[in-house]
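Here the structure is laid out as structure tokens; the discussion comes afterwards.
The values are calculated or read from the model by the stated rules, or taken from the named source; none is laboratory data. Just so it is clear, the structure is predicted and the values come from calculations on it, not from any experiment. In this analysis, Cβ positions are derived from the backbone assuming ideal geometry, glycine residues included, and neighbour counts consider all displayed protein chains. For accessibility, only protein heavy atoms count, side chains too; no ligands or nucleic acids. Shrake-Rupley method; radii C 1.70, N 1.55, O 1.52, S 1.80 Å.
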Amino acid sequence: MGDVVLLLLAALSCHSGAVWLALAIRAHWRQVTGESAPDAATVRMLRILGAAALLVGLVLCLWADAPSMAVLVWIMYLALFAFITAFTLAWRPQVLKLWLPGFRPRSPLS
Amino acid sequence: MEPTALGIALRTLASLLGGYAFLWGASSLGIAGLVALGMAYEEARTLCMLLAFLLYLIIFLWVWATHHFVRACVILVAGAGLFSAMAVVLQQQLTAGV
Amino acid sequence: MFANFRQAMAWVHTWFGLVLGFVLMAAFFFGSLSVFDREIDRWAVPETRFPAQPMPSFDQVLWPVYQQLRAHPLDMAATARRVEGEIPHPDTLPLVSLYAYTTHRDPVLQIGGEFAIPNKPLDASDDHQHVHGWASIDPRSGTYLSQDKLQIGSEFFYPMHYSLHFHWQDLGYWIVALAGLVMLVALVSGVVMHRKLFRELFTFRPHKRTQRSVLDLHNLTGVVALPFHFFFAFTGLVIFAGIYFPLGETMLEPLAKQHQVLEAERTGLPHEPAGEAAPMASVDAMVVEAKRRWDLRGMPGEVGYLFMDHLGDANGYVSIYRAGNDQVALVGQGVHFKASTGEVLREDPPPTPVFAINEFLTGLHLQHFKHWLLRWLYVFGGLAGCVCIATGFVFFVEKRKKQLAGHSARLIRWVDALAVTTVTGMVVATLAILVANRLLPADLPARGLWEERIFWYSWLVMLAHALWRSKAVASGLISPAWREQSWLVVLLAVSAVLFNWIGTGDHLVKTLNDGYWPVAGVDLFLLACALVAACAAKILRRREGLQQPLSPRNSGLQDNLEVARG
């Protein structure tokens, strides 16, 4: 049963990673926040967060299964959550604000 | 430039059959060579097959992309013949006396 | 021939992808179903709806079972074509080797063996002096499963995905291999064509015009599952490398033969029979010993594969392999025994790096491991592949709809009709075989053959329907065949679930309540399929209503509108 929890956590981690990496792309940032583009520091931050989340996902997969199996699960997770993220962006982009806690839109004048 | 029907037919043949013949020779020589170097036959076969399909992909793309189609055909056909012949000779030496 | 590399790649991607795409679609779709082949078997053969069983006792259960095993009529016929004279009656042929294979998902056991024949081969270099027999048995009682019953998952959908059931000269295998190579080519050339791989990794714009959104979906499903697509096409080729490059049976035969002799010397497992009869020691005791050795290695397990060669001969030996529930490789850790005494001849060392890589690659494709999450992820990957190929067809048609004239109109109609046939038509045929499986009389002779016929005929009817309805495509419209076949999918999927309920009493409330996932899962999947098809049909209806037939004037207008929309 412990494996199930680990694999769920890994899923969550990989999903977050995919979302953050997507938000680092200008077009998707605009879809989610309504702002034209994230600043350079935010982009870097999102990329680091995204990569780190994917890495944590891999570690959790390795913890849950034998390494050979874990790698397969992880690669398929990446595919699945990239796909889910793309679909969320297409139909419910505002949902992804969940991954930007504390985000305040800049005023239109600034 | 619009590709001609003849050009397409020739490249299809060269990329599929030429590639296959070349890999037939190259894998045979690879297997015989590795056996000569002391690897077990089955292991050599497995290794060469793993590489063969990746090489097939590269050869296929190369035949379609190259500007020197005739040269590519010559390499494939000559390679197929030469490698096969070398594999057979090497095999004769390896199995001599059995 | 091409101006530059990118153009060459685009041409190869378009045309090879189109032609072999129809085959790839079948490989990907039936491959995805094969992930749950054993579960589909349970659905299709209700008498096997009981829990998975471990390898039964050889001495008590299996040995009497093998006494009843006979050469299979199919292999008798195939062998008769390559030997001189008539093969003696199957009852008189001696069993010389045998095997049994099971996994953690198998209630029934697959067994088989080779029978020696006295006939001379027509081709002197052909040294395969055997006919094969195979069967599925109930390991609890040792009774044989009727060969008239088709295990649709593992005996029909699974072989379909690598052989297309086209066995003449093994041509099906070769066509699928070509499709596999083309898949690899399409992946590489697709990446070359795709200018914004990373920037558009998450891009899907369903609200843009069809041509754009279809291309988005094509790129998305192709790119996110790229490693899956690549490794499944590649490992599919590697698994059947022996068929595609039969070097050991042809040019390198002397070397391969020498290897067999050397290998037998090295491992102590005799390659040839001694020619003198010998009794057989208890195989159950050998299983106990093998398990003890796996325990010692810190990897306790069950028997996955059992093999015996030179039966009844002094050189006879027994190989026992551990089931690979917890690893990617199918089986492993073989322990080999002398059949007459039960003494251990050899314990396999860990595989060399080359074999370990090969076991990993073939194992990840064949997936006999115990990991339900990964199984479902594979279904996702496989269906993503189907979407990628199908959207490729739709894009091809959409892109050319506007420049329709004579010759090209015919091509577009054919491509669209074949796309309908390989997308909705294939699902209809798949559902038709399941419905037929529930409706045909239980004791119909050659029942399985009828099920297969119904599959092929219904597919053929779908092709005819798609061609008949394709006229709309020539006027730049959506073929109504897409929508009509989607409704047929809904109808068949729901009826399959209903007929399963009526015929076996195993309705969803019961199977879910009992936690009997093989049947509950197939039923749920069928209902999900019906739901998706119904949604697709409704969307298609709406889109058909919005469209105007293409005439030179409003096609220009449409273009302008699209430009305006961006």
Can you work out which of the residues in the range C:495-523 that are closer than 18 Å to C:Gln151 by Cβ and acidic (Asp, Glu) is surrounded by the fewest Cβ atoms within 10 Å (Cβ to Cβ)? C:Asp506
Can you name the residue in the range B:78-98 that is more than 22 Å from C:Gly242 (Cα to Cα) and among the small types (Gly, Ala, Ser) and is also surrounded by the fewest Cβ atoms within 10 Å (Cβ to Cβ) among such residues? B:Gly97
Positions within the range C:351-383 being open to solvent by less than 60 Å² (accessible area, probe 1.4 Å), more than 10 Å from chain A (Cβ to nearest Cβ), outside any loop (DSSP other than H, G, I, E, B) and free of Cβ contacts under 8 Å to residues at least 12 places away in the same chain, in sequence order: C:Val354
Residues A:Leu8, A:Leu21, A:Leu55: which one is free of Cβ contacts under 8 Å to residues at least 60 places away in the same chain, of a type in the set (A, V, I, L, M) and under 19 Å from C:Trp376 (Cα atoms)? A:Leu8
C:Met183 being touching a Leu at 6+ places or on another chain (Cβ under 6 Å), in a helix (DSSP H, G or I), under 30 Å from C:Trp372 (Cβ atoms) and open to solvent by less than 20 Å² (accessible area, probe 1.4 Å): yes
Based on what the data block shows, is C:Ala329 assigned to a loop (DSSP other than H, G, I, E, B), free of Cβ contacts under 8 Å to residues at least 40 places away in the same chain and open to solvent by less than 60 Å² (accessible area, probe 1.4 Å)? yes
Count of the range C:293-312 residues which are surrounded by fewer than 20 Cβ atoms within 10 Å (Cβ to Cβ), more than 31 Å from the chain's Cα centre (by Cα) and closer than 19 Å to C:Ala278 by Cβ: 1
Residue that is under 19 Å from B:Gln93 (Cα atoms), open to solvent by 30 Å² or more (accessible area, probe 1.4 Å), in a helix (DSSP H, G or I) and in contact with a Leu (Cβ under 9 Å, 6 or more places away or on another chain), where the choices are C:Pro227, C:Pro254: C:Pro254
Quick one: what pairs do we get from the range C:242-265, first residue within 8 Å of chain B (Cβ to nearest Cβ), second open to solvent by 30 Å² or more (accessible area, probe 1.4 Å) and of a type in the set (D, E, K, R), C-beta under 8 Å, 6+ apart or different chains? C:Leu247/B:Arg45; C:Gly248/B:Arg45; C:Ala256/C:Glu249; C:His259/B:Glu42; C:Glu263/B:Glu42
Selection count, the range B:49-77, where residues are open to solvent by less than 10 Å² (accessible area, probe 1.4 Å), more than 7 Å from chain C (Cβ to nearest Cβ) and more than 18 Å from C:Ala186 (Cα to Cα): 2
Yes/no for C:Phe166 being within 14 Å of chain A (Cβ to nearest Cβ) and under 26 Å from the mean Cα position of the chain (by Cα): no
Within the group A:Leu62, A:Leu54, A:Leu72, A:Leu49, which residue is at pLDDT 95 or above and within 11 Å of chain C (Cβ to nearest Cβ)? A:Leu72
Of all the residues that make up the range C:195-216, how many are aliphatic (A, V, I, L, M) and either over 25 Å from C:Gly180 (Cβ atoms) or facing chain A (nearest Cβ under 9 Å) (or both)? 1
Restricting the first residue to the range C:480-497 and requiring it to be under 16 Å from C:Ser458 (Cα atoms), which pairs with a second residue that is open to solvent by 20 Å² or more (accessible area, probe 1.4 Å) meet a Cβ separation below 6 Å and a spacing of at least six or different chains? C:Ala481/C:His465; C:Ala481/C:Arg469; C:Trp482/C:Leu540; C:Ser486/C:Ala536; C:Val489/C:Val427; C:Val490/C:Ala534; C:Ala493/C:Cys529
Where in the range C:15-107 are there helices (runs of 4 or more DSSP H), lying fully within it, with 3 or more residues that are surrounded by 15 or more Cβ atoms within 10 Å (Cβ to Cβ) and free of Cβ contacts under 8 Å to residues at least 60 places away in the same chain? C:73-80
Yes or no: the range C:468-481 includes at least one residue that is within 27 Å of the chain's Cα centre (by Cα) and open to solvent by less than 50 Å² (accessible area, probe 1.4 Å). no
In the range B:27-48, what count of residues is obtained for those that are more than 7 Å from chain C (Cβ to nearest Cβ) and open to solvent by less than 30 Å² (accessible area, probe 1.4 Å)? 4
If the requirement is being of a type in the set (Ser, Thr, Tyr), away from chain C (no Cβ under 14 Å) and either over 21 Å from C:Val224 (Cβ atoms) or in contact (Cβ under 8 Å) with a residue 12 or more places away in the chain (or both), which of these qualifies: A:Thr33, A:Thr85? A:Thr33
What number of residues in the range C:114-137 are open to solvent by 20 Å² or more (accessible area, probe 1.4 Å) and either among the small types (Gly, Ala, Ser) or in contact with a Phe, Trp or Tyr (Cβ under 8 Å, 6 or more places away or on another chain) (or both)? 5
The range C:314-323: number of residues that are in contact with a strand residue (DSSP E or B) (Cβ under 7 Å, 6 or more places away or on another chain) and under 13 Å from C:Ser340 (Cβ atoms): 3
